[in-house]
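Notes follow once the structure below has been shown.
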Amino acid sequence: MKLNFSASEILFQQQIQDFITAHFPPTAPYAHSRADEQRWAAVLNAQGWAAYQWPRQFGGTGWDMTQKYIWERATAMAGVPARLGGMGMFMLAPILYTFGSEAQQSRFLPGILDNSINWCQGYSEPGAGSDLASIRTRAVRDDAHYIVNGSKTWTSYAHQADWIFCLVRTEALERKQDGISFLLIDMRTPGISVQPIVTIEGKHSSLNSVFFDAVRVPIENRIGDEGCGWRYAKGLLTHERTGLAYVADSIRRLQRLRRIAAQTPAGLTTLLHDADFARKLAEVEIDLLGLEITELRTLAEAASGAAPSAQSSILKLKGSLVLQRITELFVECAGLQALPYNLDGLNARDSLEADRFRTEISTYLYARSASIAGGTNEVQRNIIAKRVLQLP
């Protein structure tokens, strides 16, 4: 898609591209290693771009929506992360600088900004995933502390986190969204245990269950007012879903898919020129184009001062489906080579061929969770039906 950027935006775009190329040129691309991640984090912090979505007064860039869009698109196309710092940087920080006290901002934002403190999100529970307001983890007041008991699940990177931000029930009220509070909990507190979850691709990459057994949390670690945690979390989830459209990432994956399909034999031609595969490719490309236009409309609304609305649910829903469809086409390209995901025992030639698809098969398996992360697609359809289509 061709966008009509202003002269200053074109200059900014070139600056971004030059910056990325200077640190990760095409001859030495970002390798997704721990060393590259640390080097990129240091570069972004030195440049002042690590917290590119934050307001300037808290250490952010102060970029407008178009500049953020340019940055996210350029980094995705170059294969480098737009964002580092995980849950703390882009999920907790907006809650802190919007609803947190000055003492909480001074205490927690610096560690998030320099990536010295890792955070995880304690929202979903067994029996309270998409129906998040049904959480049962309890926090009972005991003088200057809360005593927390319960569990969280699907908690990304809890095994590496220093702190967790949690939704807990502080009061049982008729309306289940009421009586929920937002707590910040040190993961080193006695009574916390973490259990890894092995996912469908056969490894423990990120997900965990977290258990709280009489965990004492200081009252000053509560964000905002007691019982108002749902309001804070709801705003966070809206922004999270907007970020789950995967548009730039899907564009880059689609380009790679075309290259691989052009190298994959199919009868007397290649898979790229096979009529059936070409039709599937065209369908997903059309869907991706529509998704991109919807994302741009949402950005335009945000630039005018409007908060992301139910349109974020459209982005999350369609974005996850497009991503999954692209990964399915990668599996179709791989053919029989998709079967030996575990390469042990293959001969050298077969191993080399299968290894070409190893990352894509892993992505295909992991991408099944895109229908669930950030609120299941079924829930997003209900939100769209109610708030967009005005159905009863």
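The values are calculated or read from the model by the stated rules, or taken from the named source; none is laboratory data. Just so it is clear, the model here is predicted, and its values are computed rather than measured. In this analysis, Cβ positions are derived from the backbone assuming ideal geometry, glycine residues included, and neighbour counts consider all displayed protein chains.
What to note about this one:
- Flag for Glu378 being in contact with a Ser or Thr (Cβ under 8 Å, 6 or more places away or on another chain), surrounded by fewer than 16 Cβ atoms within 10 Å (Cβ to Cβ) and modelled with pLDDT under 85: no
- Residue check for Asp249: of a type in the set (Asp, Glu), in contact with a helix residue (DSSP H, G or I) (Cβ under 7 Å, 6 or more places away or on another chain) and either more than 30 Å from Phe90 (Cα to Cα) or at pLDDT below 90 (or both): yes
- Contact map, the stretch 53-66: first residue over 17 Å from Phe90 (Cβ atoms), second residue among the polar types (S, T, N, Q) and in a helix (DSSP H, G or I), Cβ cut-off under 6 Å, separation 6 or more or different chains; the map is empty.
Per-residue answers, yes or no, for (1) in contact with a strand residue (DSSP E or B) (Cβ under 9 Å, 6 or more places away or on another chain); (2) crowded, with 17+ Cβ neighbours inside 10 Å; (3) within 20 Å of Leu296 (Cβ to Cβ); (4) not polar (S, T, N, Q):
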residue	(1), (2), (3), (4)
Ala35	no, no, no, yes
Val43	no, yes, no, yes
Thr75	no, yes, yes, no
Gly88	yes, yes, no, yes
Met91	yes, yes, no, yes
Ile112	yes, yes, no, yes
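- Which numbered condition Glu102 fails, given (1) surrounded by fewer than 18 Cβ atoms within 10 Å (Cβ to Cβ); (2) modelled with pLDDT under 95: (2)
- Residues that are within 26 Å of Asn4 (Cα to Cα) and surrounded by 14 or more Cβ atoms within 10 Å (Cβ to Cβ), drawn from the stretch 257-288: Val284, Glu285, Asp287, Leu288
- Any hit, the stretch 221-230, residues being modelled with pLDDT of 95 or more, in contact with a helix residue (DSSP H, G or I) (Cβ under 7 Å, 6 or more places away or on another chain) and surrounded by fewer than 18 Cβ atoms within 10 Å (Cβ to Cβ): yes
- For the stretch 63-76, the criterion of a residue being over 28 Å from Asn118 (Cβ atoms) and of a type in the set (Gly, Ala, Ser) is satisfied by no position.
- Among (1) at pLDDT 90 or above; (2) within 28 Å of Thr75 (Cβ to Cβ), the one test that Thr270 misses: (2)
- Total residues in the stretch 144-169, condition under 22 Å from Gly100 (Cα atoms) and either crowded, with 21+ Cβ neighbours inside 10 Å or modelled with pLDDT under 95 (or both): 10
- Of the numbered criteria (1) surrounded by fewer than 17 Cβ atoms within 10 Å (Cβ to Cβ); (2) part of a loop (DSSP other than H, G, I, E, B); (3) at pLDDT below 90, the one Thr27 fails is (3).
- Looking only at the stretch 117-141, residues that are assigned to a loop (DSSP other than H, G, I, E, B) and modelled with pLDDT under 90 come to 4 in all.
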